[in-house]
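The values are calculated or read from the model by the stated rules, or taken from the named source; none is laboratory data. In this text the structure is predicted, and so the values were computed from the model without any measurement. Cβ coordinates were reconstructed from backbone atoms using ideal geometry, including for glycine residues, and neighbour counts include every protein chain displayed.
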Amino acid sequence: MQLSLHLTNKCNLNCKYCFVEHGTERMTKEVAFAAVKLGMKNTNTSGLLFYGGEPLLERQLIYDTVDYAKRTKKKKDAGHTFFYKMTTNGMLLDEEFLKFSKEANLTIGFSHDGPAQDDCRLLPDGSGTYTMLKDKIPLLLKYQPYAVGMSVVDPTTVHKMAAIVEFLYEKGFKYITLSLNYSTDAPWTNQHLSIIESEYKKLAEMYIRLTRAEEKFYFSPFDMKILSHLKGEKYHVDRRLMAKNQPSVAPNGKIYASSKFLGNSMFEIGDVFSGIDAEKEQKLFEEGAILTGLCPECALKYRCNYAYDSWGLSPMQCAHEQLITPIADYVAETLYKERNALFIHKHYNEMYPFVSLVEDTSLG
């Protein structure tokens with residue numbers, strides 16, 4: 001089981017597109033430790049994912065939780081395996097925490113919008129953060145060469161999509177995610193969709209160029225779409241199962257079926273002390289799989305990243321899936337027809353993730 005621990009809803013930034021309602025909530029050690037014990041039930045592997053707000057505002061709680069997991073494992077189940085992840089805006093990253101993360105095998109996702117950083121990722125007073133984070137990237141990559149670079153674009157920055165990804169890659173990130181601001185009040189238009197298509201086409205050429213050069217480059221929007229083609233209907237099923245197996249824990253210990261519904265009682269499925277209500281969890285899982293609107297007739301329904309979760313599916317998400325899929329398919333078709341060795345190894349060799357991990361670990 002993977003548990004997303006929302007340690008706090010406090011944050012040291014005021015990003016324009018943030019969906020977290022900022023406040024003063026903080027998770028206690030009692031809640032975090034109960035989550036560790038819950039994660040160990042009926043599984044051999046547990047994932048603890050630290051989120052916020054900004055999780056490094058609760059740095060000591062991260063230290064204490066990882067230490068407790070180690071002690072509990074040693075005492076109750078020496079064969080149990082823990083892994084840890086964290087998403088941070090990077091403002092509080094320092095050498096001390098990075099040394100800890102390397103020792104604990106805690107993977108860091110670093111949120112940065114590259115040349116659009118000062119457009120949206122702002123301090124509470126409205127000032128930019130680009131300059132303040134300039135030295136954080138090389139420091140992070142010194143300890144985690146394969147850390148994940150994570151970006152978000154909204155209507156005001158969508159024209160910088162390709163430049164953002166190029167920036168992160170040039171800074172040294174090999175694993176890059178990019179998401180759109182899907183909040184209901186984001187003013188997306190058809191003109192923005194045209195810009196997105198143009199930017200994705202630039203990124204398609206970048207992906208092809210780097211793959212031909214045998215450079216390691218993972219761009220999640222394309223790689224996931226290529227995977228959806230290879231898996232067929234199984235992709236749809238796997239996406240749903242992945243969501244089911246990663247419930248979210250609020251600072252007060254209540255558990256929700258998804259992080260985007262944190263605090264919504266309709267999606268509350270238990271708490272860390274009494275456990276998960278399996279019947280309600282299964283009911284939500286089944287209801288979420290009922291395709292609505294135009295989804296049942298859509299040719300992409302099994303490849304869509306959102307059709308599996310029909311609650312809150314927005315028109316922009318639908319439009320994005322229809323736009324990106326043929327571009328990712330163009331990338332795959334181009335490289336496959338060339339019999340590009342790296343591309344085929346990456347997407348058709350089931351052992352490649354293991355081999356890649358060994359490479360990353362040895363280089364790190």
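Scanning segment 119-131 for residues that are within 21 Å of ILE176 (Cβ to Cβ) and either of a type in the set (Asp, Glu) or in contact (Cβ under 8 Å) with a residue 40 or more places away in the chain (or both) yields ASP119, CYS120, ARG121, THR129. In the set (1) modelled with pLDDT of 95 or more; (2) of a type in the set (Ser, Thr, Tyr); (3) in contact with a Phe, Trp or Tyr (Cβ under 8 Å, 6 or more places away or on another chain), SER258 fails one condition alone, (1).
Among the residues of segment 175-187, how many are hydrophobic (A, V, I, L, M, F, W, C), part of a loop (DSSP other than H, G, I, E, B) and buried (at least 20 other Cβ atoms within 10 Å of the Cβ)? So the answer is 0. Return yes when GLY293 is surrounded by 18 or more Cβ atoms within 10 Å (Cβ to Cβ) and not hydroxyl-bearing (Ser, Thr, Tyr) and no when it is not. No: the conditions fail for GLY293.
Here GLY79 meets each of (1) surrounded by fewer than 21 Cβ atoms within 10 Å (Cβ to Cβ); (2) at pLDDT 95 or above with one exception, condition (2).
Every residue, every condition in (1) more than 30 Å from LEU313 (Cα to Cα); (2) surrounded by fewer than 20 Cβ atoms within 10 Å (Cβ to Cβ); (3) at pLDDT 95 or above, yes or no:
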{"residue": "ILE108", "(1), (2), (3)": "no, no, yes"}
{"residue": "LEU140", "(1), (2), (3)": "yes, no, yes"}
{"residue": "THR156", "(1), (2), (3)": "no, yes, yes"}
{"residue": "HIS192", "(1), (2), (3)": "no, no, yes"}
{"residue": "ILE208", "(1), (2), (3)": "yes, yes, yes"}
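The set of residues from segment 99-157 being over 12 Å from LEU168 (Cα atoms), assigned to a loop (DSSP other than H, G, I, E, B) and of a type in the set (A, V, I, L, M, F, W, C) comprises just one member, LEU123. Just to be sure before I move on: is ALA243 small (Gly, Ala, Ser) and touching an Asp or Glu at 6+ places or on another chain (Cβ under 7 Å) in the structure I sent? So ALA243 fits the description; yes.
Is it the case that LEU7 is under 23 Å from LYS244 (Cβ atoms) and under 23 Å from the mean Cα position of the chain (by Cα)? Yes. Only a single criterion out of (1) assigned to a loop (DSSP other than H, G, I, E, B); (2) among the aromatic types (Phe, Trp, Tyr); (3) buried (at least 20 other Cβ atoms within 10 Å of the Cβ) is not satisfied by PHE167, namely (1). For first residues located in segment 188-206 and hydroxyl-bearing (Ser, Thr, Tyr), partners that are outside any helix (DSSP H, G or I) and surrounded by 13 or more Cβ atoms within 10 Å (Cβ to Cβ) and lie 6+ apart or on another chain with Cβ distances below 9 Å form the pairs THR189/PRO155.
In segment 204-245, the qualifying residues are those that are in contact with a strand residue (DSSP E or B) (Cβ under 7 Å, 6 or more places away or on another chain) and in a helix (DSSP H, G or I), and the one that is nearest to ARG303 (Cα to Cα) is PRO221. Tallying residues that are of a type in the set (Asp, Glu) and either in a loop (DSSP other than H, G, I, E, B) or in contact with a Pro (Cβ under 6 Å, 6 or more places away or on another chain) (or both) within segment 12-31 yields 2. The residues of segment 253-302 that are within 23 Å of the chain's Cα centre (by Cα), of a type in the set (Gly, Ala, Ser), within 26 Å of THR8 (Cβ to Cβ) and part of a helix (DSSP H, G or I) amount to a single one, SER259.
Restricting attention to segment 39-52, does a residue exist that is at negative phi, buried (at least 18 other Cβ atoms within 10 Å of the Cβ) and of a type in the set (S, T, N, Q)? For segment 39-52, residues at negative phi, buried (at least 18 other Cβ atoms within 10 Å of the Cβ) and of a type in the set (S, T, N, Q): present.
Scanning segment 83-94 for residues being without any contact (Cβ under 8 Å) to a residue 40 or more places away in the chain and either touching a Gly at 6+ places or on another chain (Cβ under 6 Å) or among the aromatic types (Phe, Trp, Tyr) (or both) gives a total of 2. Out of segment 95-118, which residues are touching a residue at least 40 places away in the same chain (Cβ under 8 Å) and out of contact with any Leu (no Cβ under 8 Å at 6 or more places or on another chain)? LYS99, SER101, LYS102, LEU106, THR107, GLY109, SER111, ASP113, PRO115, ALA116, listed by residue number. Residue pairs whose Cβ atoms lie under 6 Å apart, sitting 6 or more positions apart in sequence or on different chains, and linking a residue in segment 1-26 that is surrounded by fewer than 18 Cβ atoms within 10 Å (Cβ to Cβ) to a partner that is acidic (Asp, Glu) and part of a loop (DSSP other than H, G, I, E, B), are ASN12/GLU54.
Comparison of LEU323, LEU342 shows that the only residue that is surrounded by 14 or more Cβ atoms within 10 Å (Cβ to Cβ), touching a helix residue (DSSP H, G or I) at 6+ places or on another chain (Cβ under 6 Å) and modelled with pLDDT of 95 or more is LEU323.
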